[in-house]
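> Before anything else, here's the structure in question.
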Amino acid sequence: MWGGRFAAGPASVMREINASIPFDQRLWKQDIAGSKAHVAMLGAQGIVSVEDAATITQGLDTIAAEYEADGVPVDLDLEDIHMVTESRLAQLIGPTAGRLHTARSRNDQVATDFRLWVRDAIDEVEAGLIGLQRALLTRAGELADSVMPGFTHLQSAQPVTLGHHLMAYYEMIRRDRSRFADARARLNECPLGAAALAGTGFPIDRHATAAALGFAKPTDNSLDSVSDRDFALDYLMAATQLSLHLSRLAEEFIIWASQPFGFVKLPDAYSTGSSIMPQKRNPDAAELVRGHSGRIMGCMTALCVTMKGLPLAYSKDMQDDKPPVFEAHDLLGLSIAAMTGMIDTVTFRTDRMRGLAESGFATATDLADWLVREGNIPFREAHHITGRAVAAAEEAGVPLPDLPLATLQAIDARIDARIFGVLTVDASVASRQSHGGTAPDQVRARIAQALIELDLAELEKRG
Ligand code: ARG
C-alpha cells in the first residue's frame, strides 16, 4: 500500500512487529461502517463519482458478508484491518478501490474505528451492569429483614441487614454506570476527516460522516483527533474502578464461604473441588473475579504509560492501544457475568448470620443510645456505662439482652425494664431509620426507587 518509494520489502521481524491484524481484526465491523460512511460522503460531495461510490459500497458489503461467514483473513504483509479490507476490495472491484482512501488516512480511520468499538463496548458493559443490579435488587428484596453482623475493621460492629449490605453494591455499580455514561458522552465525537494530521484540501463534509456513524459532532482539532486516546483511557479507568467493586464483592464471598464465617454456600456452578481433598469446595469464580481486577488495572496502566510521552500527532506506539482495551473488556465481561450468576444463585446462611449478630454484643450502641434518649445522659457517660454492661455480659458468658435487670441496674440505677425493647438485633436494625440507614423500611424504599431507576434507564435506551 505504501511501497512506492521503497526498494526492499520489510525484514520478517519488521513484518511481525508492525502487524496489528492479529488483534485489530476485531475492528472489522467498525472499519466497514466507517468506510461506508466515508465513501457515501465522497459521492455526495462529488469527490468520487456516484457510480464509483456505489461500486465501492457494494464491494464493502460483500467483504462484510465474507468476514461474517469466514472470519478476517490474517495476512501479516497487509499489516492491519484497514489494509486487509482495502486489498480485498481491490481484488473484488479493481482499481476503483483505490478511490476509497481519498481525503482519509489510516490515522483518522483507526481513531474512528476504535471510538466506535469502545462505544459498543460501553453499551455492552451497561447492559451487563443493569443485569447485575437487577440481581442485587432481587436478592436484597428477599433479604431486607435478614439480620447479619455489620463490620468495621472486620470486627462485629452493629447489626445490619443483608439486604442493606447487598444494596451497598447496587450503589457502587450505579456510580460505575454513570462513569461509563460520562465516558460515552465524551467519546461521541467523530475524528474521521482529520486525515493524516492536518485535515484535507478536499471539500469533505465531516458533519455528514459524523451523523452517519451516530456521533454527536465532528471533533474540532485535526491533530488532537488522530492522537487522542482519552476515550480508551476513560473506558479503562471506568473498567478499573468497576473491577475494584467486583473484586471487593468477590472478596466478601470468599471470606463468607470460609468455614469460620459460613455465611454463604456458593453454588456448585461457580465452585470447584480439589483433586486431593475431597471435602473442598473452592470459590474459584470469585477468586478469579478478584484476580481479573488486577489484570484490568494492568491494562489501564499499560495504556497510560504508552501515551504519556507521545508528541503530537500519531506515532506507531498508538497501535498498542488496542490489546489492553480488548483484554480488559473480555475480562470485565466474564467478571460481570460470573458475579451476576453468583448473586443470583448463592445460598445465604441467614441463621448463621443472625446467630453471630446476636452473639457479639453488637447492640451495645443501642444500649448507650437508650441511656441518652431516655435518661438524658451525655453520650460519653452512656458509652462508659454500656462498657461496664458489656464487661458484665462477657463475664457471665451471655449476650447483652440476657443480662438480668438487677445486674444492669447495679451498673446504673437509671436503667429499667424498657431497655430489653432495644437490645435485640431486630429492634436495633428497625431503629436505624435515618436516610440511608439499615432499617428494613429504608432498605425496601431504596429498592423500590432503584427498580424505577433501572426501568427508566432501559426505557430510555429503547428510545
Ligand atoms: N494499524 C495502525 C494502528 O493501529 C493504523 C494506523 C497506521 N498509521 C500509520 N501512519 N502507520 O494504529
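> Determine one quarter of the surface area of the Cα convex hull of the stretch 193-275, which equals its mean projected area, and express it in nm² to one decimal.
Mean projected area for the stretch 193-275: 10.2 nm², to one decimal.
> Let me ask something additional. Please work out the average accessible area per residue across the stretch 293-387, using the 1.4 Å probe convention, and give it in Å².
46
> Moving to a separate point now. Grab the other residues whose beta carbon is less than 13 angstrom from that of Gly43, score K and R as +1, D and E as -1, and report the net.
On the way: positive: Lys36, Arg99; negative: Glu51, Asp52, Asp205.
Local charge sum for Gly43: -1.
> If the cut-off is 20 Å between C-alpha atoms, which aspartates and glutamates fall inside it for Lys265, apart from same-chain ones fewer than 8 positions away?
Candidates past the 8-residue exclusion: Glu142, Asp145, Glu251, Glu252, Asp284, Glu287, Asp344, Asp351.
> Also, quick follow-up: Would you please give the residues with an amide H less than 5 Å from that of Ala439, counting only those at least 5 places away or on a separate chain, with H modeled from the backbone geometry?
HN-HN under 5 Å from Ala439: Arg432.
> So what's the angle, to the nearest 10 degrees on a 0 to 90 scale, between helix 284-308 and the longest Cα principal axis of the chain?
Once rounded, one gets 50 degrees.
> Take the stretch 388-437, compute every pairwise Cα distance, and split them into 5 Å bins from 0; I just need the percent in each bin.
With a bin width of 5 Å, the distribution comes to 4, 20, 25, 21, 14, 9, 5, 1.
> Once you've got the Cα coordinates, tell me which of Lys308/Lys461; Lys29/Lys322; Lys29/Lys316; Lys322/Lys461; Lys316/Lys461 are over 25 Å apart.
On the way: Lys308/Lys461 35 Å; Lys29/Lys322 15 Å; Lys29/Lys316 22 Å; Lys322/Lys461 27 Å; Lys316/Lys461 37 Å.
Table pairs above 25 Å Cα-Cα are Lys308/Lys461; Lys322/Lys461; Lys316/Lys461.
> Quick one, what does Rg over Rh come out to for the stretch 364-463 if you take C-alpha atoms and the Kirkwood Rh?
That ratio equals 1.25.
> Moving on. Enumerate the amide H contacts of Val264 below 5 Å, restricted to partners 5 or more residues apart or on another chain; note that Pro and chain-start residues carry no placed amide H.
Excluding prolines and chain starts, which carry no amide H, the hits are Ala257, Arg349.
> For the stretch 378-399 and the stretch 235-266, write down the distance between their C-alpha centroids in whole Å.
Spelled out, the Cα-based centre of one part sits 34 Å from the other.
> Further question: In whole percent, and with a 1.4 Å probe on the protein chains, what portion of the accessible area of the chain is carbon and sulfur?
Carbon and sulfur: 55 percent of the exposed surface of the chain.
> Sort out for me the Cα centre separation of the stretch 332-354 from the stretch 25-74, rounded to whole Å.
Between the Cα centre of the stretch 332-354 and that of the stretch 25-74, the gap is 45 Å.
> Under 17 Å Cα to Cα from Lys36, which aspartates and glutamates show up? Leave out anything in the same chain fewer than 8 places away.
Glu51, Asp52, Asp61, Glu66, Glu68, Glu86, Asp108, Asp113, Asp205
> With every protein chain left in place, what is the accessible area per residue of the stretch 82-139 in square angstrom, probe 1.4 Å? Let's see the in-between values first.
Working: 1760 Å² over 58 residues.
Counting only protein heavy atoms, the per-residue value for the stretch 82-139 is 30 Å².
> Right, here's the next one. Restricting to the stretch 121-258, compute how many DSSP beta bridges are antiparallel as a %, nearest 5.
Among the beta bridges of the stretch 121-258, antiparallel pairing accounts for roughly 75 percent.
> Which ³J(HN,Hα) values in Hz, rounded to whole numbers, follow from the phi angles of the stretch 385-400 under the Karplus curve 6.51 cos²θ - 1.76 cosθ + 1.60, where θ = phi - 60° and Gly and Pro get x?
For the stretch 385-400, the Karplus-derived couplings read 4, 5, x, 5, 5, 5, 4, 5, 5, 4, 5, 7, x, 10, x, 3 Hz, x marking Gly and Pro.
> Oh, and also: Go through the stretch 1-89 and name the chymotrypsin sites (Phe, Trp or Tyr not before Pro) that are in a DSSP coil and have 13 or fewer other Cβ atoms within 10 Å of their Cβ. Walk me through the numbers before you get to the answer.
Details: sites: Trp2, Phe6, Phe23, Trp28, Tyr67; in loops: Trp2, Phe6.
Taking the stretch 1-89 and a limit of 13 other Cβ atoms within 10 Å, the loop chymotrypsin sites (Phe, Trp or Tyr not before Pro) found are Trp2, Phe6.
> A follow-up question, please. What residues qualify as long-range amide H neighbours of Gly150, i.e. H under 5 Å apart, gap of 5 or more or another chain, H built at 1.01 Å from N?
Residues meeting the amide H criterion: Ala157, Gln158, Val160.
> Taking Cα atoms of the stretch 339-381, Rg/Rh with Kirkwood Rh, to two decimals?
My calculation puts Rg/Rh at 1.33.
> For the stretch 413-463, what is the convex hull volume of its Cα atoms per residue in Å³?
Output value, Cα hull per residue: 60 Å³.
> Continuing with the same structure: Just to confirm my numbers, what's the Cα centroid distance between the stretch 106-124 and the stretch 145-215 in Å?
16
> Restricting to Cα atoms and excluding each atom paired with itself, what does the Kirkwood estimate give for the stretch 265-400 in Å?
For the stretch 265-400, the Kirkwood estimate is 20.5 Å.
> Students sometimes get this wrong: rank Asp455, Asp369 by accessible area, probe 1.4 Å, all chains present, largest first.
Heavy-atom accessible area, descending, gives Asp455, Asp369.
> Using a probe radius of 1.4 Å on heavy atoms only, what accessible surface per residue do you get for the stretch 240-289? Whole Å² is fine.
51
> Through the Karplus equation 6.51 cos²θ - 1.76 cosθ + 1.60, θ set to phi - 60°, convert the phi angles of the stretch 414-420 into ³J(HN,Hα) values in whole Hz; use x for Gly and Pro.
Whole-Hz 3J(HN,Hα) from phi for the stretch 414-420: 6, 6, 10, 4, 4, 4, 5.
> I've got another one for you. So if I average 1/r over every pair of distinct C-alpha atoms in the chain and take the inverse, what Kirkwood radius in Å does that give? Numbers along the way, then the final one.
On the way: mean 1/r = 0.0379 Å⁻¹.
It works out to 26.4 Å.
> Report the gain in length on full extension from Asp70 to Ala413: 0.36 nm times residue separation, minus Cα-Cα distance, nm rounded to one decimal.
115.0 nm
> Which whole-Hz ³J(HN,Hα) couplings does the stretch 133-143 yield from phi under the Karplus relation 6.51 cos²θ - 1.76 cosθ + 1.60, θ = phi - 60°, glycine and proline marked x?
Per residue, the Karplus-derived 3J(HN,Hα) values read 5, 5, 4, 4, 5, 4, 5, 4, x, 5, 10 Hz.
The values are calculated or read from the model by the stated rules, or taken from the named source; none is laboratory data. Keep in mind it's a predicted model, so treat the numbers as computed, not measured. Cβ coordinates were reconstructed from backbone atoms using ideal geometry, including for glycine residues, and neighbour counts include every protein chain displayed. These accessible areas exclude ligands, DNA and RNA; they are computed on the full protein's heavy atoms, side chains included. Shrake-Rupley method; radii C 1.70, N 1.55, O 1.52, S 1.80 Å.
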